[in-house]
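The values are calculated or read from the model by the stated rules, or taken from the named source; none is laboratory data. Owing to the predicted nature of the structure, the values given are computational and were not obtained by experimental measurement. Virtual Cβ from ideal backbone geometry, glycine too; neighbours counted across all protein chains shown. Quick note on the areas: whole protein, heavy atoms, side chains included, nothing else; ligands and nucleic acids left out. Shrake-Rupley method; radii C 1.70, N 1.55, O 1.52, S 1.80 Å.
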Amino acid sequence: MDWLILILGVPAILIPLVLLFGFAGCGRPTVICTDDLDCPPGTECGPDGSCLPLGEANPPLFPPQNLVARALDDHSVALTWTSADTVFQIERMEDDGVRFEALLPNDLDDVSSTGATDTSCSEGVTYLYRVLADGEVSAASNIASATTFTVAFTGTLTDDAPDHEGFCGVQRLSRKLLTAGGTQVRIVLRGSTKGSLTLDRVTISQAAATGDPFDSAADLTDVASNVIIPPNTAVIVPPNGPVNYTLDPTIDLIVAFDISNTTGEGNVGVAVGTLPGGDAFSKPRTAEAGQRDRGGTTGYPNHAVDSLALIEKILVL
């Protein structure tokens, strides 16, 4: 009888032990789940449909790193960061605000896994930014700030002036047209609606106190070179950020352009007779944008009063 009791008793002991601890070498028992409510206390539903100890199903994401914000113009800020993740939430707050708010998809342009451009900004405002990986799951990145540019001048180009290859153009803007000053400058240029334009050189300066009205003062500064402007397209210069130049809105401003002599690359956008305080000068077969004293003995034969050439905006920080 002892041997019969032993045979019958062993399964009665082993079966509960196997159910409780699992078979040797098989690890912890697997519980199938579709959400956390299906799992025992202290566990959560993992991505493979099994219950895992708390914290193992959705490990915390590392926050994005090295967030940098850079103002592009008067309404947009470029953001870059580093992260191994590909889904992000970008949050913004004005420097005098009380809380960050998420930007919407239509607020953003050029979105990628390492950057985006906020195109919903206002002129002359300082913004604070932070980025979270995968919505709000990760901790936030470092906070980066940028101040958008202020518009010092804005104009509207309404006409096309073709066949200006090899010309030097000089735009003088009265101080009455300048609404702000700063120590850094970018210029928005626009050519013709029908043809392309290449500028070999662009400079900026105060108007000279003496001499001709198209001459530059001693603060003559290079803005850009080899600028290609497709038809009916706005191009901002310098392309990689502002030039260090102190724009004084109490003094008339000079912006000069050397236009390429390549055939077909002299199509200029203009507005003739519609801008009181604007004077547009030009001279053929001349490259004098980098010279203070222009015109030599012949001066600049083409002078359009109350007119504008090429400049759509002047932006300052």
When only residues in the stretch 160-200 that are of a type in the set (D, E, K, R), modelled with pLDDT of 95 or more and more than 24 Å from the chain's Cα centre (by Cα) count, which is most open to solvent (accessible area, probe 1.4 Å)? K176
Tell me yes or no: at least one residue of the stretch 291-300 is touching a residue at least 40 places away in the same chain (Cβ under 8 Å) and polar (S, T, N, Q). yes
Go through (1) open to solvent by less than 70 Å² (accessible area, probe 1.4 Å); (2) more than 15 Å from F149 (Cα to Cα); (3) of a type outside the set (F, W, Y) one by one and return the number of the condition A71 breaks. (2)
Suppose the filter is among the charged types (D, E, K, R) and touching a residue at least 60 places away in the same chain (Cβ under 8 Å); does D118 pass it? no
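Given the residues A152, A208, which is the only one that is under 26 Å from the mean Cα position of the chain (by Cα) and among the small types (G, A, S)?
Of the residues listed, the single one that is under 26 Å from the mean Cα position of the chain (by Cα) and among the small types (G, A, S) is A152.
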Matching residues in the stretch 130-154 - criterion: being within 15 Å of V77 (Cα to Cα), in a loop (DSSP other than H, G, I, E, B) and open to solvent by 60 Å² or more (accessible area, probe 1.4 Å): I143
Run G278 past the list (1) under 24 Å from E123 (Cβ atoms); (2) more than 32 Å from the chain's Cα centre (by Cα) and report the number of the one that doesn't hold. (2)
Would you tally the residues in the stretch 79-129 being among the polar types (S, T, N, Q) and either open to solvent by 70 Å² or more (accessible area, probe 1.4 Å) or closer than 13 Å to L67 by Cβ (or both)? 7
